[in-house]
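Contents: one structure, followed by commentary.
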Amino acid sequence: MFGKAFQRKYALTDQGATNVRKGTFWTVIVNLVVMGGTGILFLLMSTLMEKLSGDTKTVSVLVFIFLTLLFLVLSFVTHLQQYRCTYGLVYREVKQVRLSLSERLRKLPLGYFGKRDLADLTETLMGDVNRLEHVWSHCLGYLYGSFISTMIIAASLLFFDWRMALACLWGVPVAFILLFGSRKAEKKNSEMSKAAAVQVSDGIQETLENLREIRATNQEDRFLKELNDKIDRSEKTMIHGEMVTGLFVNAASVIMRLGVATTMLVGVRLILSGQITFMALYMFLLVITRIYAPFDQALALIAEMFVSQVSASRLMEIHDTPVMDGAEVFQPKGHDIAFRHVSFAYDDREVLKDVSFVAKEGEVTALVGPSGSGKSTCARLAARLWDVSGGEIDVGGVNIARVDPEVLLTDYSMVFQDVTLFDDTVMENIRLGRRGATDEEVLNAARAANCDEFVERMPQGYMTPIGENGARLSGGERQRISIARALLKDAPIVLLDEATASLDVENESKIQGALSRLLRGKTVLVIAHRMRTVEAADHIVVLSGGRVAEEGTPGDLLRDENSMFSRMARLQAEGAVWKI
């Protein structure tokens, strides 16, 4: 019943499927025990009828007391087990689901995150998992348990009197056929509601992140109007979806309840014809009061299960995306970075084409070129933040595509143009470069990155919180913390992507001096537009249109007046913008 296809449909883990089996089993037991309570009522009514008819051989009061106590005990125990298996186990499982999703996201290539924005992923981790949590705990076990117990009871009723059984139960399959017939419409409405909800989350996030720019350009009214429109569309979509679901669920419930009327009509007819007794009709009426009860909730649960399949497919998309893995051991012979006929594409857009060069250990290799030429892409590929589409990248003779990214990155320090900081102190943000570093080691790295100058003005010095993503710092200050973090790590390979772009000339000179002293002997890959950033490099690789246009030492390239690098140098010296 709960095979792999079922698990994928509802994004269940193996443990989750086991929990559903347990919940189903105990729901069956609970429904049968509750149905046993109607048997006690039937026995009591039979006894009263026999007394009225003068029969002295009736069931004693003690037997009824014993049966009632037994029913209460069994009901308590079975309901407790049902609660534990349908709720307790599932809630613990949900924590593991979120952790496994986070672990999966941690191992996915960065290219995946270019396709899914933050609001969409947040909606998956929180909203979709919350919806599935309710399905796992409230729907699956309860629904399948109700189905199995009803089949058992239906078989018993058919054995007792098939005519009365059909009069009772005909509405159940008709109601479920109606609901299953509405599956496509409900799934479509769910997809529309989910898309509208993601747009609202995305709009709120975009507005908050760009609040300064919105105010600076006097665009508050336009952005608020767009956000209100998104909220209105989401509300209308949800209302429409709820109305469609409610229409089918209530129609199914009404059809199922028609079984009460048909039971009474058929029962009265059979009594009048002498084919059954009044007590037989009474028994079926008692059964009806309980046999429909599980399906009252089950009808709504089925509709929710249809909707949840959209959330499940979003979770399974993450699990189906190939992760970046590899060997747990990385033992290169040196740290030369060699690009060998590397190609790379974002979806269908090719960014790099047959790129080959070597960044040697102990040298600074600079990647230069116009915007969009593939410089930053090369740096990210060198650290295996993405995997190449063709060719290979070797570090010390080892193909990095065969090494686990986390193991590989222990040999890398990186400072990218977009700095990411955490809502913590300056000290702890720098210490992220190497966990366990002493305060003195952190301070030495901070001084080398020229952080003292602005930290001394802070009220608590290096213990001052800097806000979310360094909100209390300027762009240059944030970048210096990122440089200090890389210096603290002291890895044999250093990637610098526009590392001094936000610094003024004076601070840039200080940082360049610190980098020259502290990065000596390492493999350094620098990406920059400024000539002063790359003029001291040992090797220059000029990229244009995703290809290596030329390479050599700065002196060699400058001596060739027709080289692209020489042209760039002249244009920058003249204060012009380099355009190719």
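What follows is calculated from the coordinates using simple rules that are stated; it is not laboratory data. The structure presented is a predicted model; accordingly, all values stated were derived computationally and were not measured. When we count neighbours, we look across all protein chains shown, and the Cβ atoms used for this are built from the backbone with ideal geometry, even at glycine.
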In nm, spacing of pseudo-spin labels at residue 328 and residue 76 (7 Å Cα→C-beta vector): 5.0 nm
Separation of the residue 126 and residue 280 label points, Cα + 7 Å toward Cβ, nm: 6.1 nm
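Go ahead and run the numbers for FRET between residue 254 and residue 107, Cβ-Cβ distance against an R0 of 56 Å, rounding to 0.05. Walk me through the numbers on the way to the answer.
Details: r = 50 Å, r/R0 = 0.90.
That gives a FRET efficiency of 0.65.
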Under-5 Å amide H pairs with residue 346, H placed in peptide plane, nonlocal only: 351
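Please figure out what share of the DSSP beta bridges in the chain is antiparallel and state it in percent, rounded to the nearest 5. Don't skip to the end; give the middle numbers.
Numbers: 20 of 38 bridges.
Of the beta bridges lying entirely in the chain, close to 55 percent run antiparallel.
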Structure-based [θ]222 nm, the chain - -39500 (n - 2.57) summed over DSSP H runs of at least 4, per residue, nearest 500: -19500 deg cm²/dmol
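Give 333/353; 95/230; 194/353; 95/194; 353/522 a once-over and call out the pairs whose C-alpha atoms are over 29 Å from each other. Don't skip to the end; give the middle numbers.
Working: 333/353 27 Å; 95/230 31 Å; 194/353 39 Å; 95/194 23 Å; 353/522 27 Å.
Table pairs above 29 Å Cα-Cα are 95/230; 194/353.
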Simple spin-label estimate for residue 358 and residue 244 in nanometres, 7 Å along Cα-Cβ: 6.2 nm
Top positive-direction residue, dipole computed over the chain with Cβ charges, set 205, 284, 267: 267
Ellipsoid semi-axes in whole angstrom, largest first, where each is sqrt(5λ) of the Cα gyration tensor of region 214-292: 60, 10, 5
The chain: angle of helix 475-489 to the longest principal axis, Cα-based, in degrees nearest 10: 90 degrees
Principal-axis tilt of helix 278-291 within the chain, Cα atoms, nearest 10 degrees: 10 degrees
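How big, in percent, is the set of alpha carbon pairs in region 4-317 lying more than 25 Å apart? All intermediate terms of the calculation are to be shown ahead of the outcome.
Values: 30817 of 49141 pairs.
Within region 4-317, distances greater than 25 Å cover 63 percent of Cα pairs.
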For region 4-317, size of Cβ-based charge dipole, Lys and Arg +1, Asp and Glu -1, in debye: 760 debye
Dipole of the chain, positive direction: furthest Cα of 6, 329, 464, with charges on the beta-carbon: 6
DSSP loop trypsin sites (Lys or Arg not before Pro) with at most 11 other Cβ within 10 Å excluded, longest remaining stretch of the chain: 58-332
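Scan region 428-487 for GluC sites (Glu not before Pro) in coil per DSSP, keeping those whose Cβ has at most 10 other Cβ atoms within 10 Å, and list them by number.
Working: sites: 428, 440, 441, 453, 456, 468, 477; in loops: 456.
Those satisfying the criteria are 456.
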FRET efficiency estimate (nearest 0.05) - Cβ-Cβ, residue 232 to residue 471, R0 35 angstrom: 0.65
Under 14 Å from the residue 225 label point (7 Å along Cα→beta-carbon), backbone N, region 185-204: none
Net length gained if the chain between residue 438 and residue 100 were fully extended (0.36 nm per residue, minus Cα distance): 118.4 nm
Over region 4-317, relative contact order from alpha-carbon pairs under 8 Å, at least 6 apart, %: 31 percent
Amide hydrogen neighbours beyond the local backbone of residue 494, cut-off 5 Å, H modeled: 413, 523, 524, 525
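Using the Cα gyration tensor of region 121-240, with a ≥ b ≥ c the square roots of its eigenvalues, what is the shape: rounded (a/c below 1.5), prolate (a/b larger than b/c) or oblate (neither)?
Details: a/c = 6.48, a/b = 3.21, b/c = 2.02.
In terms of gyration-tensor shape, prolate.
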FRET efficiency, residue 151 to residue 204 (Cβ-Cβ, R0 45 Å, nearest 0.05): 0.40
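What's the whole-number percent of alpha carbon pairs in the chain lying beyond 31 angstrom? Kindly include the intermediate steps, with their values, before the conclusion.
Working: 109907 of 167910 pairs.
Pairs farther apart than 31 Å: 65 percent.
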